[in-house]
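Asks: The structure is given below, and queries will be raised subsequently.
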């Protein structure tokens, strides 16, 4: 199985003022698309909420996953439900829902077109090393899969597919491959006491 591996450095991330705060675009697919044009398939970003209360932007035809990585975030999906997210807890919603947010926080966001599959989760490295199998779903509905590891606080190193990569806080490792059922071992190393990582996955065409 062939893989495309990218390290998304902080200096290559696009920062822009957005509703309620500042958005730092980590990666957008395809890379030629623009978030404001709504011609993208999926995107990964960090949203820093600077106002105490705000309304999420309307995103018809998209789904949104969000996870605070610093601070707490209260959400109200009007007509559906309310929830309070502690750090590294996640929420899913449709982009066209009227959603209110409350609480100054830093949040990891995955936005993907309807019909795709995706998820976000968190991982903690406490003992200096983490070894796991990266599972490739082989979903016949989709041709490609993307796996991302975002470094929240302290730097760490990754060993994958016989190569080693180093990440600092605020940087992301992105692996894109064909959607062929299988698994590849991945090792994460850190000399720090505790490293928090956000994991994201997208199945797309």
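Asks: Quick check on my filter: what residues within segment 108-141 are within 19 Å of the chain's Cα centre (by Cα) and part of a loop (DSSP other than H, G, I, E, B)?
Replies: Passing the criteria: 114, 115, 116, 137.
Asks: Identify all residues within segment 149-178 that are crowded, with 18+ Cβ neighbours inside 10 Å, more than 19 Å from residue 128 (Cα to Cα) and modelled with pLDDT under 95; write none if there are none.
Replies: Within segment 149-178, 177 is the sole residue that qualifies.
Asks: Has segment 66-75 got any residue that is crowded, with 17+ Cβ neighbours inside 10 Å, at pLDDT 95 or above and more than 27 Å from residue 167 (Cβ to Cβ)?
Replies: yes
Asks: Consider segment 40-63. How many of its residues are in contact with a helix residue (DSSP H, G or I) (Cβ under 8 Å, 6 or more places away or on another chain) and over 17 Å from residue 16 (Cα atoms)?
Replies: Result for segment 40-63: 0.
Asks: Give 85, 110, 123 a once-over and let me know the one that is at pLDDT below 95 and touching a strand residue (DSSP E or B) at 6+ places or on another chain (Cβ under 6 Å).
Replies: Of the residues listed, the single one that is at pLDDT below 95 and touching a strand residue (DSSP E or B) at 6+ places or on another chain (Cβ under 6 Å) is 123.
Asks: Separate question: Can you report the number of residues in segment 18-37 which are touching a strand residue (DSSP E or B) at 6+ places or on another chain (Cβ under 8 Å) and more than 15 Å from residue 109 (Cα to Cα)?
Replies: Summing the residues that are touching a strand residue (DSSP E or B) at 6+ places or on another chain (Cβ under 8 Å) and more than 15 Å from residue 109 (Cα to Cα) in segment 18-37 gives 1.
Asks: Residue by residue through segment 180-205, note down the ones that are surrounded by 19 or more Cβ atoms within 10 Å (Cβ to Cβ) and either more than 16 Å from the chain's Cα centre (by Cα) or not in a strand (DSSP E or B) (or both).
Replies: 188, 190, 195
Asks: Right, another one. One residue is enough: does segment 12-20 have a residue meeting the conditions surrounded by 16 or more Cβ atoms within 10 Å (Cβ to Cβ) and at pLDDT below 95?
Replies: Yes, segment 12-20 contains at least one residue that is surrounded by 16 or more Cβ atoms within 10 Å (Cβ to Cβ) and at pLDDT below 95.
The values are calculated or read from the model by the stated rules, or taken from the named source; none is laboratory data. Bear in mind that the values here come from a model prediction, so they are computed numbers and not experimental data. Using ideal geometry, Cβ is built from the backbone for each residue, glycine included, and neighbour counts are taken over all protein chains shown.
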